[in-house]
Amino acid sequence: MKLEYLQHKISEEAETERFSGAVLVKKQSETLAASYGSANISEERLNHPDTRFGIASGCKLFTAIAVCQLVEQGKLAFSSKVLDVLNGKEFARFSHDMTIHHLLTHSSGIADYFDEEIMDDYAALWLNQPMYLLRKLQDFVPMFSQHPMKFTPGERFHYNNAGYIMLGLLVEKISGMPFTDYVEQHIFAPCGMKHSGYFALDALPANTAMGYIEEADGNWVTNIYSIPVKGGADGGAFVTAPDMQRLWQGLLDHTLLNPELTALLLTPHIHDDNEEYYGYGVWITKQNGEALKYHLMGYDPGVSFHSAFYPASGATVVVLCNKSRGAYPILKVVEEWLLQ
């Protein structure tokens, strides 16, 4: 079916869901780019196909790529013991058996600063910890480093933001650079992602969408008091839809990693309770024993994000949304069109 049909179906779903964001679909030589809703409600500034949006945990892939680059350079191994590199006293309660592989696959066993198994209100974190003080990876460490291990490393999958904070600290220790600078220089720049970055909420650049949270009375507030002021290794980068497409291209054409490391990153190393698989920083859905799609997702108050690559067709999809919900219904519309 032609892209005109898909454009119509997306617009229908966007109206039904009151979707606010940007959509990019690329399949072979065909490209669909669309935008809906407002980047700034007060100023009546609309979203555009090249507006910057936060992607929350969607950028764990960037962290995984950074670690894999250091492995490719011989500066790390996936079997390296984390505490051999991060030997600070603040991690004294953590198991010395924990490896880089465990952190990458959410199987380290450390406690998370936001544990999705027992918590459901991300904004509640900031009742005692001012979010405006969280500007560096080290600022997050006191939020989880004194908790005991939840389980033995490698025992099971447990989605874990703190584990990716530790990976970011490893990148900083080995590269000698702030984590966000490393990603911008060694991942974004090689891919041509000129409009993406880790921007502080109190210093957002032009053409960036505010994140919005709908309250019980139907009014909207921004998310500036609901998430850390600046993102890092576990989430919080801002990207445009075209730049996210460039990231997929740079990964798949081996601009970022050699073929061996790229294949390892995209290998289904572990699965969750729903039989969704996880590689290094990327989710993998399998069908008939093969990878149906490699996908990223991110959710924060005022942020929802999905992006996927479908190997059978070579298609990529990016859905960016500056509301807490809305990206997934649009992705499903696109998938129905792609997979029919």
Margin query: I'd like to know if segment 117-134 contains one or more residues that are in contact with an Asp or Glu (Cβ under 7 Å, 6 or more places away or on another chain), modelled with pLDDT of 90 or more and not aromatic (Phe, Trp, Tyr).
Written below: no
Checklist line | Evaluation of residue 332 against (1) touching a Leu at 6+ places or on another chain (Cβ under 7 Å); (2) assigned to a helix (DSSP H, G or I) (one fails), failing number | finding: (1)
Item checked: Close pairs from segment 201-222: first among the aliphatic types (A, V, I, L, M), partner open to solvent by 40 Å² or more (accessible area, probe 1.4 Å), Cβ under 6 Å, at least 6 apart -> 201/224; 210/222; 213/221
Checklist line | helices (runs of 4 or more DSSP H) wholly inside segment 1-86 that include at least 3 residues being at pLDDT 95 or above and crowded, with 23+ Cβ neighbours inside 10 Å | finding: 60-72
Checklist line | Which listed residue is within 17 Å of the chain's Cα centre (by Cα) and open to solvent by 40 Å² or more (accessible area, probe 1.4 Å), from 184, 155, 172 | finding: 184
Note to self: Being under 21 Å from residue 312 (Cα atoms), of a type in the set (D, E, K, R) and not in a helix (DSSP H, G or I) is the filter here; which residues of segment 252-288 pass it?
What the structure shows: 253, 275, 276, 286
Next item on the list: Can you tell me which residue within segment 236-251, out of those that are assigned to a helix (DSSP H, G or I) and aliphatic (A, V, I, L, M), is surrounded by the fewest Cβ atoms within 10 Å (Cβ to Cβ)?
Entry: 251
Margin query: Looking at 320, 296, 338 in this structure, which one is more than 18 Å from the chain's Cα centre (by Cα) and aliphatic (A, V, I, L, M)?
Written below: 338
Check: Applying the selection to segment 217-235, what residues are open to solvent by less than 60 Å² (accessible area, probe 1.4 Å) and more than 18 Å from residue 304 (Cβ to Cβ)?
Finding: 218, 229, 230, 232, 233
Item checked: Qualifying residue in segment 281-296 (condition: over 27 Å from residue 30 (Cβ atoms), of a type outside the set (Asp, Glu) and in contact (Cβ under 8 Å) with a residue 60 or more places away in the chain) -> yes
Margin query: Being surrounded by 21 or more Cβ atoms within 10 Å (Cβ to Cβ), among the aromatic types (Phe, Trp, Tyr), at pLDDT 95 or above and closer than 24 Å to residue 107 by Cβ is the requirement here; does residue 277 meet it?
Written below: no
Item checked: Pair list, Cβ < 7 Å and 6+ apart or interchain, from segment 5-19 residues that are of a type outside the set (Ser, Thr, Tyr) to residues that are at pLDDT below 95 -> 6/337; 9/337
Notebook entry, point to check: So which of 193, 166, 210 is aliphatic (A, V, I, L, M) and open to solvent by 20 Å² or more (accessible area, probe 1.4 Å)?
Noted result: 210
Note to self: Given the condition aromatic (Phe, Trp, Tyr) and open to solvent by 10 Å² or more (accessible area, probe 1.4 Å), answer yes or no: does some residue in segment 88-98 qualify?
What the structure shows: yes
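The values are calculated or read from the model by the stated rules, or taken from the named source; none is laboratory data. Note that the structure is a prediction, hence the values are computed from the model and not measured. Glycine also receives a Cβ, built like all others from the backbone with ideal geometry; neighbour counts cover every protein chain displayed. SASA here: full protein model, heavy atoms, side chains in, ligands and nucleic acids out. Shrake-Rupley method; radii C 1.70, N 1.55, O 1.52, S 1.80 Å.
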